[in-house]
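Chemist: So that we are looking at the same thing, I have put the structure below in structure tokens.
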Amino acid sequence: MTQVATQILLVEDDPAISKLIVQFLKGDGAEVIASSNPERARQILSERTDFDLVIVDFLLGEVTAVALMDELRIILRDVPVVIISGGNPMTDLETTQAIADLSGAVAFLQKPFRKAELLDAVATSLK
Amino acid sequence: MTLAPVDKTTVAAAILMERLIRGAYPARHSSAIQPLQWSILRYLARAPEDQRQLRRIAPFLNLTAAPVARALKTLGQRGLATQRINDTDSRIRTITLTPSGVEALREDPIICVAARIEALPLTERDRFIKSIRSIALGPMPEPERVDDAGGDPDTSR
């Protein structure tokens with residue numbers, strides 16, 4: 001029997017990091033749809049909602065992922081969301097993690113992270 | 001930072017926020033666990049093993065390494081956390097909560113505040129959570145840059 005690959009939506013505005021994360025996740029057998037901004041993510045979500053997990057960078061350009069997180073909770077309901085962040089000029093990481101928790105994230109991953117840390121967070125979130 | 005004039009009710013709300021948090025922490029005896037030490041204990045309880053290092057904790061708290069190292073030393077002296085040298089890289093020390101550290105976290109003062117929020121009726125609690133989130137994301141003075149950011153260069157941006 002063929003095992004169905006985990007479907008992951010990634011929202012990350014840094015192309016280099018996005019590429020790396022996609023590489024890590026695909027190497028682990030997942031199928032990843034990458035989006036570089038919330039608008040593109042919304043467009044993808046209007047076309048398909050069969051995701052098992054969403055990974056979102058907290059700061060996407062000039063905006064935080066908070067509004068997108070609120071929308072994800074409505075559109076994808078129980079699909080786990082992992083927030084990743086390396087800190088930003090607006091909030092420190094402790095605050096960012098608290099905001100991620102308030103917004104319904106199941107896991108928070110501090111950048112920089114290793115492949116194993118990302119895969120651990122994904123595996124834990126999918127349990 | 002220049003502050004714009006504010007309404008006295010919003011000042012009163014800010015005072016209540018401050019009183020609520022300040023009141024949760026016990027008197028500042030030298031033997032009491034200090035707020036920074038509580039933050040570190042919470043971090044250690046939550047972070048995966050790979051991230052329980054000084055170079056990860058300091059930027060998480062937006063602090064330089066020195067105050068975090070001092071706090072870790074104190075936590076170690078009180079038997080609340082231990083440091084173990086990494087098997088493959090002797091420069092890295094992995095920090096772990098001891099059973100006493102885990103026990104101490106059951107008495108974390110922030111739990112009292114969380115319990116008061118949890119006691120709110122559901123709609124009021126949801127409104128409060130949205131409001132506090134907006135306040136946290138509102139305009140604030142820029143935090144000082146961390147001067148000891150470390151870690152893998154690959155996913156750091």
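Chemist: Using a basic spin-label model with each label point 7 Å from the Cα along Cα→Cβ, how many nm lie between A:Ala123 and A:Asn37?
Modeler: Placing both labels 7 Å along Cα→Cβ, they lie 3.7 nm apart.
Chemist: Quick one: accessible area per residue over chain A, 1.4 Å probe, rounded to a whole number of Å²? Mind dumping the intermediate values first?
Modeler: Values: 5940 Å² over 127 residues.
For chain A, the per-residue accessible area is 47 Å².
Chemist: Hey, can you list the residues from region A:52-99 whose accessible area shrinks by 20 Å² or more with all protein chains present, relative to the chain by itself (probe 1.4 Å, no ligands or nucleic acids)?
Modeler: When all protein chains are present, A:Val66, A:Asp70, A:Pro89, A:Met90, A:Thr91, A:Asp92, A:Leu93, A:Glu94, A:Gln97, A:Ile99 each give up 20 Å² or more of accessible surface.
Chemist: Run down the lysines and flag those whose C-alpha is under 26 Å from the C-alpha of A:Lys115, throwing out any fewer than 8 positions away in its chain.
Modeler: Of all the lysines, those that pass the test against A:Lys115 - Cα under 26 Å, at least 8 places apart if same chain - are A:Lys19, A:Lys26, A:Lys127.
Chemist: To continue, here is another question. Above 25 Å lies some portion of the pair distances; for the protein assembly as shown, what is it as a whole percent of all C-alpha pairs? Let's see the in-between values first.
Modeler: Numbers: 21348 of 40186 pairs.
It works out to 53 percent of all Cα pairs.
Chemist: Kindly work out what percent of the DSSP beta bridges joining two residues of the protein assembly as shown are antiparallel, to the nearest 5.
Modeler: On the way: 7 of 24 bridges.
That works out to approximately 30 percent antiparallel.
Chemist: Nearest 100 Å² is fine: how much accessible area is buried between B and A, summed over both sides, with a 1.4 Å probe? Could the numbers behind the result be given before it?
Modeler: Numbers: alone 11840 and 7190 Å², together 16420 Å².
What B and A bury together is about 2600 Å².
Chemist: What's the carbon and sulfur percent of the protein assembly as shown's accessible surface, probe 1.4 angstrom, rounded to a whole number?
Modeler: Values: 9060 of 16420 Å².
Solvent-exposed carbon and sulfur of the protein assembly as shown make up 55 percent of the total.
Chemist: Restricting to DSSP H runs of at least four residues, report the calculated mean residue ellipticity at 222 nm for the protein assembly as shown, -39500 (n - 2.57) per run over all residues, nearest 500 deg cm²/dmol. The partial results should precede the final answer.
Modeler: Working: 12 runs with 137 residues, N = 284.
The per-residue figure over the protein assembly as shown is -15000 deg cm²/dmol.
Chemist: Rounded to the nearest 0.05, what FRET efficiency do B:Leu16 and A:Ile75 give with R0 = 30 Å and r taken as the Cβ-Cβ distance? Could you check?
Modeler: Working: r = 36 Å, r/R0 = 1.20.
Computed FRET efficiency for B:Leu16 and A:Ile75 comes out at 0.25.
Chemist: Where in region B:76-134 are there GluC sites (Glu not before Pro) that are in a DSSP coil and have at most 16 other Cβ atoms within 10 angstrom of their Cβ?
Modeler: Values: sites: B:Glu103, B:Glu107, B:Glu118, B:Glu124; in loops: B:Glu107.
Sparse-neighbourhood loop GluC sites (Glu not before Pro): B:Glu107.
Chemist: Can you tell me the accessible area per residue over region B:38-148, all protein chains present, probe 1.4 angstrom, in square angstrom? The partial results should precede the final answer.
Modeler: Values: 6810 Å² over 111 residues.
Each residue of region B:38-148 exposes 61 Å² on average to a 1.4 Å probe.
The values are calculated or read from the model by the stated rules, or taken from the named source; none is laboratory data. The structure presented is a predicted model; accordingly, all values stated were derived computationally and were not measured. All Cβ positions, even for glycine, are placed from backbone atoms using ideal geometry, and neighbour counts span all protein chains on display. Quick note on the areas: whole protein, heavy atoms, side chains included, nothing else; ligands and nucleic acids left out. Shrake-Rupley method; radii C 1.70, N 1.55, O 1.52, S 1.80 Å.
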